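J.: Got a structure for you, written out below as structure tokens; questions coming shortly.
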Amino acid sequence: MKLLLAAVFSCVTLFVVAQGNITVTGVVKSKESNQPISNVTISIGKNETGVTTSNENGEFTISVPANTVLTFSYAGYEKQKVNLNGRTKLDITLAVKDGGMEQVVVQGFQKRQKQFSTGSSVTISGKDIQDVPTSNVMELLQGRVAGVNIQNTTGMPGFSSSIFVRGVSNIGVSGGGNDAFLSPSSPLFVIDGVPFDPNTNFEYGFNQGGPGISPISLIPPEDIEDFSFLKDAMATSVYGSRGANGVIIITTKRGRSKKPIITYTGNFVLSVPPGLKSVLGGKEERESRIKQILENDTTAYSGRDRIQENPFLADYLNPYYNNSTNWQSIFYRPKFNMTHNIAAAGGDTKFNYKSNLSYYNERGIIENTGFARYTMGLNTEYMPTQRFRLFTSITASLGNQSMGSGTGMMQGGVATAASASSLLPPPSFFSGNTTALGVSQTDNENKTGRLAANMDVRYELVKGLNIQNNLSYDFTTGRTNTFTPSAINNNYSLRYSYDSRREGINNRASLNYTTNFTEDHLINAFVFSEVSLDKFMAKAQQQSGTPNDQYEGPVGYISNFQRRGGILNSNYETRLFGYGGTFQYNYRKKYVLDFSYRLDGSSTNGPNQPFVKVPAVGLRWNFNNEKFMERLDWVDYSSVRASWGKNIVPTGSIFDAYGRYVTSGQYNNNPATGLNWEYLPNVGLLPRITTQLSYALEAGFLNGKFSTVLESYYKQLDNELFNISIADHNGFAKFKTNYMSHVNYGYEFTVTYRPFNKEKFRWNISANGAFNHDILTRLPNDVRQILHKDESTVGGIRQDILYRLGRNSVSNILYHYRGVFPDDASVPVDPSTGLPYYTLDGNGNKVFFKGGDPYWTDLDGNYILDERDLVVAGNAFPKFTGGLQSMLTYGSFTLTMNMSITAGRDILNNSLAQRLASYNNPVASQSNAALVPINEYNFWQGPGDVNATYPNPYDFTRSDAVKPFRFNQTLFQEDGSYFKLNTVTVGYNVPKSKTHRYGINYSRIYFTANNVYTFSNYSGPDPENVTDLGRDRADGYPTRRTYTIGLNVQF
Amino acid sequence: MKMKIKCLLILAVVLGITGGCKKFLNVKPLDDLSGNNFWETQADVERFTNDVYRIFKDEFAMKTAVLFMGDVRCAPVVVGAAYPPRGDVTFLSRNDLRNAIAADASRTSPTYDAIREWWQRNTRWDLIDDWSPLFKVVQAANILYEEAPKVQAKDPGLSDKMVRQYQGEAVFMRCLSYFYLIRLYSDVPYYTNAYNEKSLPRTSHVEVAKKCLEDLERHRTDVPWAYPDPTYRAIRAMQSSMLALEMHFNMWLAGFDKTNANAYYQKVDELGDILYNQGELEMGVLKLYPISQIFTVFQGRSQEGLFEIPQNINYGLFPQNRRMTYAGTVIWESNLTNNSNANSVEDNVEMNYMSGFLRTLYPDEQPDDRIKAWFTFNNVNTMYAANSQMLKFYNIALGPKGGDNALSNNYFIFRYPDAILLQAEALASMANAEGTAAGAYNDKAAQLLNRIRSRANTALFPANPGEGSLLDAIFFERCKELMGEGHYYYDMVRTGRIYNPKFNYTNSMSYGQFLQGAWTWPINKKAQTNNPLIQLNNYWN
């Protein structure tokens, strides 16, 4: 509106001063995207009198005095002044103004200028991440947004990262042993208007039968225009229940040039596995084992027998056992990959289009794993008049993943095989290490196809009143085929197929009304209703015993017991109906007041449950516009904002509330239907309430040199669902209760500093960080603590988890390790019984501690080491996460660096424990048999050694009872803080003059190193590559380091 | 203006969908039914009711040898000559539960002794210490009781009378479960609320019995005397089932709450009269069958049955493991194995009665039609011999080598003669205590006793057994008539005969042990998990 007025006004003035002038023509483009910008205001003279605006192709033509100064300004871009000096042709590039108040952010369903936004949201340009090829774009956003903690817990291509917005939202733990995992609480993703919840079934790629490819992995990073992170209640409230964990909005690029622009981006990537673990090989290994047996067995005779009974130790002349195989190098190898992306875009404001074609292939650093992605995206915008707009987009993508013999995130097969004794021959059908063969010969194919379409229509009914409808459809199919040849599967070949499909439909209709009474009062009202449907169904089939390894089906010859198949019980259908509205009042751009309210009904809770209620209030005071700030002209802008919101969501499924009824059998030949006895229906389930409070101060100083956002938040989660076991006289085993609360509170900061901001030389540094504290405030039945018993054991050790009030919400419970007993005499003796400190073995016999054994604190002072001696220790959730970005431009060269920090987190180094424990069984050859060079570790050398860090690994006859390398001890709990240099990119913009004659109007080559180096005190390989519960498992998929040479060309 | 109306219309459409959304939000899950989609029609209530009975049948009665226990625990039984020997018979008859439970059912323990422990996989005495199957029935019955009336709002065809009947059945199954619970474990947690999740302490078994009596009394007349469908007879709770259960609870209370014993006896007499006057005379739904027809009684669903657990080979219902049953233990192997040689030396039963005990019940030279109807003896022509077998529960229709299917006769919980003898016992006990109306009580008791005796064409009271004592005669008559129906042990416990050396043929329990709770069954330690209020049975645990 304003622009229009300005344009009209400028036309008038144009006629007045139109004598004796020169005509200047030119194009205005964006520096970041190299796309033309329309409606850029062009003004002349000292007073910056608006003269004209650029057209939809960024072109302008003006008639001005020859020596005047032209000023180009556009919302969200930095103003640029150009002295004409007689030139008649001008090519102007405008740079995006970072952090400025005109920058557009997303609040709820609407885009807003930052100065009118009361919620907490951050927009990151897709440009920032486009020099690093990756299967998972979220990986590249690590450390970029304050309060968004992204951890790349696995290096498996095609899998997603763990994302936590403002602390962990769900503290339930499922699974057991090293596979225990935290219930996912990822934010909601909206990709080009298509919402999906990553917590449903793609999430982590284990614990399921399907491919597990995350839809996030199906987005080519080259096609991303920007990301918006909505963090607080005000920003997310209109998303209702799904927005409780935050919202991430991803928008792909649009076409904006009249001349079609073809952009090609190609990357050539070398993936390198991180440092491998060193192991003993060949003769050294054999001698170590024999020496250990002879010196530590119960008697010399027994030791001799033990060696004789194990030919791989005794029969060293046998070529089968006379090897020194480096198992790890067989599985972990550097790989060369490439990606290609072609985008074509064009059109004008009336009609524009973009299509993007992308190919990405990454062969994993572990043998027989990898991920390939093919995508085709198309969007068009049709806007015949200002009153009508139709936007459609359609994206088809296919991900193809190979997980080898593992589940992707866990490479159990590789880990087992790679831990085989080096004395065994390398993989062949005679090797005996069939797991190793399985890794390379299992034929595994995982495909995920996704089709997403979106149609958005907007029509202006009367001035200021828009009606809009957004319809999106999303279809995903998953398919897994795995064939395991009979030679490596106990002589029975195995075929497994899995098929799944998921459909999502989402429709949102809205009315938007904006008006202003006089210039001072601006009102925006927005009402909407939303309908969502989501369906999922999966089938699986397993056949065993095909005729031979060449025929992979369809028939098998094994009895029916081996033939399984059918629809899996993971199918679901959920529906959601919601409506609500927002109301904004804005007084002279100084005071902004926001209300928002949403009501949601969801089929997960059933029709009788109350609706979700999500109210939110936000306030903003741009105090820079006040009189008293006028004198402080070094302050560019300054404002404070605050928001409060609640998210009241009925929890639990209809099964939780009403019970699960199954056909149970018959009585008197009449069918019977009864309850499933696992969960007692909880008829009184309370809705989960998330209460968020957020304050922020935003300010910019010294003409864009320095800007900052300081924010603090308090997020309380009440009535969280929690499984408790109930007394057996209730018939049912478990009960879902929801008297559990925890609180996340913390501080976030973002600082941007531009020491140099010249045309030739620019340097942007931006740092952000967030301190998060989480505290458990209430437990079911008002108990003070709950011990979550580990469901399964690894090596006879349970890794329990403790929930204790007042502490961090999930705590480890461990034996306190004090050191090593230097000799037998230093083992404490119970004065009342005369017995030395002891523990019980599996059969309940006393095993007394000796010199060289670990000394764990006997907490209860009864001279017996048992579960009562466990202490609560450690926190797997980081206290501080942040990042640092630096972008240096000098002429045509750019140097970009991205770093991230995670601090104050504890890791259990299970991997080291497991490797040291290899010494506990000197006759193991197949798994857990690779021996680490123990001399690198300060272990107990013999009686009298008081300085040892690690206990005696050699005493294998007692180790089964003593378990010196048990996981649950403080010895293996380490500080997992790290500082990681994520990426370094050196880029060179080839001057247009050199490429112009080839029809290339823009080209850039760059070199990128990703996952460059991690600075950490952690003794394991990678403090990031651990589970959300902080367990470094030996069979995780390591994160690769990549080196990329890339090329970006625009025709 | 027109525009404005248009806008308002659109607004109304946008926001007006709200009304129709309730249906939209109700998704019927494909895999299982959820509670909100289940309780819709009478058929749903019917199916759930079936499930309450089914849990009792499948998870409690047929999963272990628990029903057989009443006939073997502290009973005058000996291990039969079949090989390998049924060691559990010895353990149970001596009340040596520790050994009965300790035997390894998984057969994997390194010390597993095949001869000594083989039976455990068949009998599963080790599972009886878990009380949760019975509590499942309680929980399910409580849910049925609460949900049934709510269905009326959705299914108008469901009448008040039907709702009351379903609730009555729920109460019966709940109380029947408590009846078994208190007889097995003495004190147990007691609750009647649906969806109970609270951890409860144990309630005195006397209290539990009293509460159950109130409950039954309130709902007794809600269930019918007879079902229109004759296949439901004695399979679903009838008024006569309720009466029998009430009589049993009263007799149990009379044994443990001795100060009020007389009131309980009085009540039993009253209930017995209702059974006779209304059930037999007025409604004609109960009767005693002649001995020549008695095998039809044990096939099930007869007018003599008060509550039974249905078995029927036609429905594929027969004990999956015959050693869990009394019937399968007192029958020659060859009758159950189609291809074995009937004359082989292995033709021996797994459990025998002590011949002295059988002589007491069936004195020499005294005619009794039940001998011929129920007992057969192979090579020797005396029932007292070690290898005589009992065919009371054998499905005659399947012939002499009927296989395991031949055990597909119903399991008996309550039978009309059981109720008649209980009434007789109550009357005789009152006569003993009071003295004033002793004559009348004794006469009525003897008359009831002789109803059973005369049907079997045996000598009437005061003939033996009993040596002239009416109470003893009734006790022995119960032993005789209800042999194999799971009453023996509990009769011994509630009457105190268990610590009376004259009756306790195996000398398995002293009075001191009885007081310490030797009569209970041990409770599994898992009852204490998540429930700090539970104390186990001290005698055992």
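J.: Can you give the FRET efficiency to the nearest 0.05 for A:Lys705 and A:Asn1017, using r as the Cβ-Cβ distance and R₀ = 30 Å?
T.: 0.25
J.: Starting from the amide H of A:Tyr1013, placed 1.01 Å from N in the peptide plane, find each other amide H under 5 Å away whose residue is 5 or more places distant or on another chain.
T.: Amide H neighbours of A:Tyr1013, under 5 Å, 5+ apart: A:Leu981.
J.: Also: Please arrange A:His996, A:His742 by accessible surface area, largest first, computed with a 1.4 Å probe and ligands excluded.
T.: A:His996, A:His742
J.: Farthest toward the dipole's positive end in the range A:709-866, which of A:Tyr747, A:Asn730, A:Tyr855, given Cβ charges of +1 (Lys, Arg) and -1 (Asp, Glu) about the Cα centre?
T.: Positive-most Cα among the choices belongs to A:Tyr747.
J.: For n ≥ 4 DSSP H runs only, could you compute -39500 (n - 2.57) per run for chain A, divide by its residues and tell me the 222 nm figure to the nearest 500?
T.: -2500 deg cm²/dmol
J.: Right, another one. Debye sum, Cα scatterers, the range B:191-273, no solvent: what log₁₀ I/I(0) at q = 0.10, 0.23 1/Å?
T.: -0.32, -1.08
J.: Ordered by packing density, taken as the mean number of other Cβ atoms within 10 Å over each peptide's residues, highest first, how do B:496-503, A:529-536, A:229-236, A:156-163 rank?
T.: A:229-236, A:156-163, A:529-536, B:496-503
J.: Spelling out what I want: for every residue of the range A:670-682, take phi, set θ = phi - 60°, compute 6.51 cos²θ - 1.76 cosθ + 1.60 (Karplus), and round to whole Hz; glycine and proline get x.
T.: Karplus values, whole Hz, x for Gly and Pro: 10, x, 10, 10, x, 7, 7, 8, 6, 10, 6, x, 9.
J.: Along the charge dipole of chain B, which of B:Gly356, B:Gln311, B:Ala459 sits closest to the positive end, that is, farthest toward it, with unit charges on the beta carbon of Lys, Arg, Asp and Glu (+1, +1, -1, -1)?
T.: Checked the options; the winner is B:Gln311.
J.: Moving to a separate point now. Tell me the total accessible area that A and B bury against each other, 1.4 angstrom probe, in square angstrom rounded to 100.
T.: 5300
J.: Taking θ as phi - 60°, what are the ³J(HN,Hα) couplings along the range A:698-712 by the Karplus curve (6.51, -1.76, 1.60), each to the nearest whole Hz, with x for Gly and Pro?
T.: Ordered by residue, 3J(HN,Hα) equals 10, 8, x, 10, 6, 6, x, 6, 9, 9, 8, 10, 10, 9, 10 Hz.
J.: Go ahead and run the numbers for FRET between A:Val829 and A:Asp782, Cβ-Cβ distance against an R0 of 30 Å, rounding to 0.05.
T.: In this case the efficiency is close to 0.10.
J.: With angles folded into 0 to 90 degrees, how steeply does helix B:42-55 sit against the dominant principal axis of chain B? Use alpha carbons for both and round to 10.
T.: 40
J.: Same structure again: In chain A, what percent of the accessible surface is made up of carbon and sulfur (1.4 Å probe, ligands and nucleic acids excluded)?
T.: 56
J.: If each residue of separation counts as 0.36 nm, what is the full-extension length gain between A:Tyr714 and A:Gln542 once their alpha-carbon separation is subtracted?
T.: Between A:Tyr714 and A:Gln542, full extension yields 57.0 nm more.
J.: Extent of the range B:392-541 along each principal axis, from alpha carbon coordinates, in Å, largest to smallest?
T.: Sorted from largest, the Cα extents of the range B:392-541 read 54, 52, 27 Å.
J.: For the range B:181-332, with every protein chain kept in place, what is the accessible area per residue (1.4 Å probe, Å²)?
T.: Computed with neighbouring chains in place, this is 35 Å² per residue.
J.: Extending each Cα 7 Å along its Cβ direction at B:Lys287 and B:Ser109, get the distance between those two points in nm, one decimal.
T.: Calculated label separation equals 5.4 nm.
J.: Nearest 20 debye, what's the magnitude of the dipole of the range A:925-1000 about its Cα centre given +1 on Lys and Arg Cβ and -1 on Asp and Glu Cβ?
T.: Dipole of the range A:925-1000, to the nearest 20 debye: 880 debye.
J.: Using θ = phi - 60° and the Karplus form 6.51 cos²θ - 1.76 cosθ + 1.60, what ³J(HN,Hα) does each residue of the range B:109-116 get, whole Hz, x for Gly and Pro?
T.: 3J(HN,Hα) across the range B:109-116, in whole Hz: 5, x, 9, 4, 10, 4, 6, 7.
J.: Counting only the backbone N, which residues of the range B:131-166 are under 19 Å from the spot 7 Å out from the Cα of A:Lys789 toward its beta-carbon?
T.: Answer for this model: B:131-133.
J.: Also: Just how many % of Cα pairs in the protein assembly as shown lie over 55 Å apart, if you round to the nearest whole percent?
T.: Result for the distance tail: 43 percent.
J.: How many Å³ per residue does the convex hull of the Cα positions in the range A:793-882 occupy?
T.: Dividing the Cα hull volume of the range A:793-882 by its residues yields 145 Å³.
J.: Counting helices only, and only those DSSP H runs with n ≥ 4, report the 222 nm mean residue ellipticity of chain B as the sum of -39,500 (n - 2.57) divided by its residues, in deg cm²/dmol to the nearest 500.
T.: My calculation for chain B gives -13500 deg cm²/dmol from helical runs alone.
J.: Excluding ligands, DNA and RNA, what is the solvent-accessible area per residue of the range A:683-789 at a probe of 1.4 Å, expressed in Å²?
T.: Dividing the accessible area of the range A:683-789 by its residue count gives 43 Å².
J.: Treat every Asp and Glu Cβ in the protein assembly as shown as -1 and every Lys and Arg Cβ as +1, leave all other atoms uncharged, and give the resulting dipole magnitude about the Cα centre to the nearest 20 debye.
T.: Using only the charged Cβ atoms, the result is roughly 6260 debye.
J.: In what sequence, largest accessible area first, do A:Leu317, B:Leu448 appear using a 1.4 Å probe?
T.: The ranking, largest first, comes out as A:Leu317, B:Leu448.
J.: Using only the Cα atoms of the range A:762-812, each taken as one equal point scatterer with no solvent, compute I(q) by the Debye sum, divide by I(0), and report log10 of the ratio at q = 0.14, 0.28 Å⁻¹.
T.: Results for the range A:762-812 at q = 0.14, 0.28 Å⁻¹ read -0.54, -1.02.
J.: Moving to a separate point now. Which value, in debye to the nearest 20, describes the size of the charge dipole of chain B about its Cα centre when Lys and Arg Cβ atoms bear +1, Asp and Glu Cβ atoms bear -1, and nothing else is charged?
T.: My answer is approximately 1560 debye.
J.: Which order do you get for B:Arg453, B:Arg218, A:Arg660 if you rank them by accessible area with a 1.4 Å probe, largest at the top?
T.: Putting B:Arg453, B:Arg218, A:Arg660 in descending order of accessible area: B:Arg218, A:Arg660, B:Arg453.
J.: What is the angle, in °, between the Cα long axis of helix B:470-481 and the longest principal axis of the Cα atoms in chain B? Nearest 10 is fine, range 0 to 90.
T.: 70
J.: At a 1.4 Å probe, what is the % contribution of carbon and sulfur to the accessible area of the range B:17-115?
T.: 56
J.: Moving on to the next point. Label 7 Å along Cα→Cβ of B:Lys150; the range B:161-202 residues with amide nitrogen under 18 Å?
T.: B:163-164, B:166-168, B:170-171, B:192-198
J.: Name the residue from A:Ile262, B:Asn395, A:Thr651 whose Cα lies farthest towards the positive end of the charge dipole of the protein assembly as shown, charges +1 on Cβ of Lys and Arg and -1 on Cβ of Asp and Glu.
T.: A:Ile262
J.: Using every pair of alpha-carbon atoms in the range A:291-363, split the distances into 5 Å bins beginning at 0 and state the percent of pairs per bin, rounded to integers.
T.: Percent of pairs per bin, in order: 3, 11, 10, 8, 9, 7, 6, 5, 5, 5, 5, 5, 5, 4, 4, 4, 3, 1, 0.
J.: Turning to a different aspect of this structure: Over chain A, what is the relative contact order in whole percent, taking alpha-carbon pairs under 8 Å and six or more residues apart?
T.: 10
J.: On to the next question. If the convex hull of the alpha-carbon atoms of chain B is projected onto planes in all directions, what is the mean projected area in square nanometres?
T.: Averaged projected area of chain B's Cα convex hull equals 32.3 nm².
J.: A:Ile1045 versus B:Asn500, label points 7 Å from Cα toward the beta carbon: distance in nm?
T.: Rounded to a tenth, the inter-label distance reads 10.5 nm.
J.: Not counting ligands, DNA or RNA, and with a 1.4 Å probe, what is A:Asp549's accessible surface area in Å² rounded to the nearest 10?
T.: 40
J.: Something else: Between helix B:261-274 and chain B, what is the angle of the helix's C-alpha long axis to the longest principal axis, kept within 0 to 90° and rounded to the nearest 10?
T.: The angle comes out at about 80 degrees.
J.: Let me ask something additional. Averaging over all projection directions, find the projected area of the Cα convex hull of the range B:247-373 and quote it in nm² with one decimal place.
T.: Quarter of the Cα hull surface area: 12.2 nm².
J.: Peptide B:515-528: average number of partner chain Cβ atoms within 10 Å per residue?
T.: 1
J.: Something else now. Mind giving me the nanometre distance, one decimal, between the label points for A:Tyr316 and A:Trp634, set 7 Å out from Cα along Cα→Cβ?
T.: According to this spin-label approximation, the distance is 7.6 nm.
J.: How big is the shadow of the Cα convex hull of the range A:713-811, averaged over all directions, in nm²?
T.: The directionally averaged projection comes out at 11.3 nm².
The values are calculated or read from the model by the stated rules, or taken from the named source; none is laboratory data. Being a predicted model, the structure only gives us computed values, none of them experimental. Because the Cβ atoms are built from the backbone with ideal geometry, glycine has one as well, and the counts that use them run over all protein chains shown. The area values use the complete protein model at the heavy-atom level, side chains included, leaving out ligands, DNA and RNA. Shrake-Rupley method; radii C 1.70, N 1.55, O 1.52, S 1.80 Å.
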